[in-house]
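Taken together, the values in this text are just the output of simple stated rules run on the coordinates, not laboratory data. These numbers were taken from a predicted model, which means no experiment stands behind them. Here the Cβ is made from the backbone with ideal geometry for all residues, glycine too, and neighbour counts use every protein chain on show.
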Amino acid sequence: MLRLPISLLSAVILLGGCSLIPDYQRPASPSAAQYPQGPAYAAPSSVTPRAEDWRALFNDPALQQLIESALVNNRDLRVVALNVEAFQAQYRIQRADLLPAVSANANQLRQRVPSSVTRTKAAITSTYSVNLGISAYELDFFGRVRSLSEQALLTWLSTEEARRSAQLSLVANVANAYLTWRADQELLALARETLAADERSLHLTTRNREAGKSSALDQIQAQTSVDSTRASLARYQRQVAQDLNSLTLLVGAPVPEHLPARPLDSDLVATVPAGLPSDLLQRRPDILQAEYKLRAANANIGAARAAFFPSVSLTANAGTSSRDLSGLFKGGSGAWTFQPQINLPIFNAGSLRASLDYAKLQKDISVAEYEKTIQTAFQEVSDGLAARQTYEQQLQAQRDLVQATQDYYDMAQHRYRSGVDSSLTFLDAQRSLFSSQQGLITDRLAQLVAQVNLYTALGGGWSPVEPLPPAP
């Protein structure tokens, strides 16, 4: 009696290695081998330092503390992590179909048969049974179940890369929000200092008018400077409060009131080296996610191909049954059932062919999305490298402008107090100095944000890229 099951098991083992999944070949990168070069880009560096994660990029302890808190408390990141666990559970469900599900059950049947059926008198019968078996287990001769299992695995891995991408974006968003907050704080402090200077100038101009040394026009112009700076002060107060609210939302917890603040002009963010190879893009989570999706679509073609072939399912159980509970395990009470079933598709109005065509089209779409992701990443890194070099030049020019306007302001103030020039020149020097100092803070913020964005575009660092794991 056991020869048939053993023979069938041998056939399953022999045919179990069959797979109709096409051989996967990674599409060639549509981007260039090196990033652009020219006046907007820095010359390649002979030394490329390693940077594994955000801890090597940010040198501000307060910012590091906020990022650590965000990675623990941010709700959006928590939702992404839970989605990864959900896809992992779906993969485990699909993988379970590779093995038969064995179940045990015990039954009791008690029934009354009327006399019209027995033709003698009514009878009450009882039946007890205990069975152990498998139900509708598909023998995966052509790899359909394995293809679906591999697709589920690759989909799970793609969501894991989506989680890494969300984490990388969160780190960058917290850093940019923090830097914006610090910049607006410096702009607020600058507005307060400028307002104090404008009020002193207004007080001096008022006294000079009372002494007959200044006109009403000079006093009105000094008053406009005070009012303009007051408006700037209110704007920066609002922006600082809103920046803190945005940062609190990203961190997912209250921001400590007294964070150790470092000046915006200090070394807050490490500089990304020049001359990086373009294959570093392969470490970006969104590119890895796109490739896992492509491989999942490739595995789905195998399942669509296998649907053209017969499917064989097996239901079998063995147990014991008896009219009396005490006789369940006595000799002669054994029973077994062996029920193989084959399903051969003959006519389905082209549904299977359409399913295969759809699976192939999904793979072609995934190829295009993968290539587009690489092109977008290449463009983002190229923009970041251009910003890296040009912001250095722009920031140095802005520093020189601040120094020149400071000299202009000092000289104009001296000449105004000495009575050589009117207040018009002095007020113009005040406005120029305030504007140039605002520009310096804004440009420094833009440079730091560009460095953070370049770090994000590189996929979270610039260490040597590790190859994608082979297909399971």
For the chain, longest principal axis from Cα atoms; helix 423-457 axis from its Cα atoms; angle between them, nearest 10 degrees, is 20
For Lys293, the aspartates and glutamates lying under 16 Å Cα to Cα, once residues fewer than eight places off in the same chain are dropped, come out as Asp23, Glu150, Glu160, Glu161, Asp364, Glu369, Glu371
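By count of other Cβ within 10 Å, fewest leading, how are Ser313, Ser103 ordered?
On the way: Ser313 15, Ser103 11.
Going from least to most buried by this count: Ser103, Ser313.
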Summing -39500 (n - 2.57) over every DSSP H run of at least 4 residues in the chain and dividing by its residue count gives a helix-only mean residue ellipticity at 222 nm, to the nearest 500 deg cm²/dmol, of -21500 deg cm²/dmol
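In a shell of Cβ-Cβ distance under 15 Å around Tyr128, excluding Tyr128 itself, what net charge do Lys and Arg (+1) and Asp and Glu (-1) give?
Working: positive: Arg110, Arg323, Lys330; negative: Asp324.
Neighbourhood net charge equals +2.
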Between Leu71 and Ala40, Cβ-based FRET efficiency (R0 41 Å, step 0.05) works out to 0.75
If Val226, Val251 are placed from fewest to most neighbouring beta carbons inside 10 Å, the sequence is Val226, Val251
Length gained, Arg262-Leu82, 0.36 nm per residue minus C-alpha separation, equals 61.2 nm
With +1 on the Cβ of every Lys and Arg and -1 on the Cβ of every Asp and Glu, the dipole magnitude of the chain about its Cα centre, in debye rounded to the nearest 20, is 2620
Quick shape check on segment 154-248: root eigenvalues a ≥ b ≥ c of the Cα gyration tensor, a/c under 1.5 is rounded, otherwise prolate if a/b tops b/c, else oblate, and it reads prolate
So the FRET efficiency between Glu199 and Arg415, C-beta based with R0 = 22 Å and rounded to 0.05, is 0.60
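Taking 0.36 nm per intervening residue step and subtracting the Cα-Cα distance, what contour gain separates Thr120 from Ala216 on full extension?
Values: separation 96, 0.36 × 96 = 34.56 nm, distance 12.93 nm.
Fully extending the segment from Thr120 to Ala216 adds 21.6 nm.
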Per-residue Cβ contact counts at 10 Å, fewest first, order Asp383, Asp53 as Asp53, Asp383
For Phe308 and Arg207, extending 7 Å from Cα along the Cα-Cβ vector and measuring point to point gives, in nm, a value of 9.7
The simple spin-label model distance between Asp23 and Leu424, using points 7 Å out along Cα→Cβ, in nm, is 8.3
The simple spin-label model distance between Leu395 and Ala234, using points 7 Å out along Cα→Cβ, in nm, is 3.4
To the nearest 10 degrees, the tilt of helix 285-306 (Cα long axis) against the first principal axis of the alpha carbons of the chain is 20
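Please report, largest first and rounded to whole Å, the three semi-axes of the ellipsoid equivalent to the chain, where each semi-axis is the square root of five times an eigenvalue of the C-alpha gyration tensor. Walk me through the intermediate numbers first.
Values: eigenvalues 1178, 163, 60 Å².
Its equivalent ellipsoid spans semi-axes of 77, 29, 17 Å.
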For the chain, the longest principal axis of the Cα atoms and the Cα long axis of helix 75-96 enclose an angle in degrees, to the nearest 10, of 20
